[in-house]
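**Q** One structure coming up, written as structure tokens, with questions to follow.
The values are calculated or read from the model by the stated rules, or taken from the named source; none is laboratory data. The structure displayed is predicted, hence computed values, not measured ones. Quick reminder, even Gly has a Cβ in these numbers, built from the backbone with ideal geometry, and neighbours come from all protein chains shown. The accessibility values were calculated without ligands, DNA or RNA, using every heavy atom of the protein model including side chains. Shrake-Rupley method; radii C 1.70, N 1.55, O 1.52, S 1.80 Å.
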Amino acid sequence: DGTWELLQAIARTEPRMTVLRNTGKGVSSARNTGLDTATGEYVAFLDSDNTWRPDYLDLSIRAAVNGDVAWGYAASRVMNGEHKPVSYRAYIGGLEELLFLNHIDMNVLVVKRELAHQAGGFDNSLRRWVDHDFAIRLASLTPPVFFPFIGCEYEHDMGRSDRITVCESS
């Protein structure tokens, strides 16, 4: 769809950006490749079916740095396949809550790179629930902090064939 070429063009003029390709090895491998390559203090993740709000990274990193937060997450606005809001995900909770419900969306999570490595990164043996597993392991090390703003538009379109929820068995 031209994404690879577009990102390469942007990276040629943006020295802070590195474009990586990790085709066909799964979401955990791709994220671990990013974690292994990252050099910043914090990392954030964005899936192809979601969109960060324009101020998400700025607000999240400022909140994390100013509050000495090891990892935190914001709220998400869940959209249907027609780009219309249907609900919001904004739940405050830590490990105990994560053991029952994945209330932390990976697309609104920022984490210190060092803590992500300490948690072991993403489990390559899992095909589904990799985000939930990662959040549980992070929360086992230190509690998350909720940032009270909407960080992304989460496109919940079950008709898209590129979504893990649709193309990977549970």
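**Q** Is it the case, given these coordinates, that Ala11 is touching a Ser or Thr at 6+ places or on another chain (Cβ under 7 Å) and touching a residue at least 40 places away in the same chain (Cβ under 8 Å)?
**A** Values: touching a Ser or Thr at 6+ places or on another chain (Cβ under 7 Å): yes; touching a residue at least 40 places away in the same chain (Cβ under 8 Å): no.
Criteria not met by Ala11.
**Q** For the range 136-155, what are the residues that are hydrophobic (A, V, I, L, M, F, W, C) and touching a helix residue (DSSP H, G or I) at 6+ places or on another chain (Cβ under 7 Å)?
**A** Passing the criteria: Ile136, Leu138, Ala139, Leu141, Phe147, Phe149, Cys152.
**Q** Out of all the residues in the range 148-170, which are open to solvent by 60 Å² or more (accessible area, probe 1.4 Å), part of a loop (DSSP other than H, G, I, E, B) and either more than 29 Å from Ala63 (Cβ to Cβ) or modelled with pLDDT of 95 or more (or both)?
**A** If the condition is that a residue be open to solvent by 60 Å² or more (accessible area, probe 1.4 Å), part of a loop (DSSP other than H, G, I, E, B) and either more than 29 Å from Ala63 (Cβ to Cβ) or modelled with pLDDT of 95 or more (or both), then Met158, Gly159, Arg160, Ser161, Asp162, Ser169, Ser170 are the ones that fit.
**Q** What do you reckon, is Ala64 under 14 Å from Val43 (Cα atoms) and not acidic (Asp, Glu)?
**A** Taking the combined requirement at face value, the residue satisfies it.
**Q** Give the range 10-33 a look and list any residue that's surrounded by fewer than 18 Cβ atoms within 10 Å (Cβ to Cβ) and assigned to a helix (DSSP H, G or I), or say none.
**A** Passing the criteria: Ile10, Ala11, Arg12, Thr13, Ser29, Ala30, Thr33.
**Q** Separate question: Any idea which residue in the range 102-147 is nearest to Leu57 (Cα to Cα), counting only those that are open to solvent by less than 20 Å² (accessible area, probe 1.4 Å) and of a type in the set (Phe, Trp, Tyr)?
**A** It comes out as Phe147.
**Q** Something else about it: When you go through (1) closer than 15 Å to Phe146 by Cβ; (2) open to solvent by 10 Å² or more (accessible area, probe 1.4 Å); (3) not charged (D, E, K, R) one by one for Ala74, which number turns out not to apply?
**A** The number of the failed condition is (2).
**Q** Residue under question is Ser76, and the condition is that it be free of Cβ contacts under 8 Å to residues at least 12 places away in the same chain and in contact with a strand residue (DSSP E or B) (Cβ under 6 Å, 6 or more places away or on another chain); does it hold?
**A** So Ser76 does not fit the description; no.
**Q** If you scan the range 38-50, which residues turn out to be open to solvent by 60 Å² or more (accessible area, probe 1.4 Å) and more than 11 Å from the chain's Cα centre (by Cα)?
**A** Passing the criteria: Thr39, Glu41.
**Q** If you don't mind, another one. Six or more apart or on different chains, Cβ atoms under 8 Å: show the pairs whose first residue is in the range 116-141 and under 15 Å from Gly72 (Cα atoms) and free of Cβ contacts under 8 Å to residues at least 60 places away in the same chain and whose second is of a type in the set (Lys, Arg) and in a loop (DSSP other than H, G, I, E, B).
**A** none
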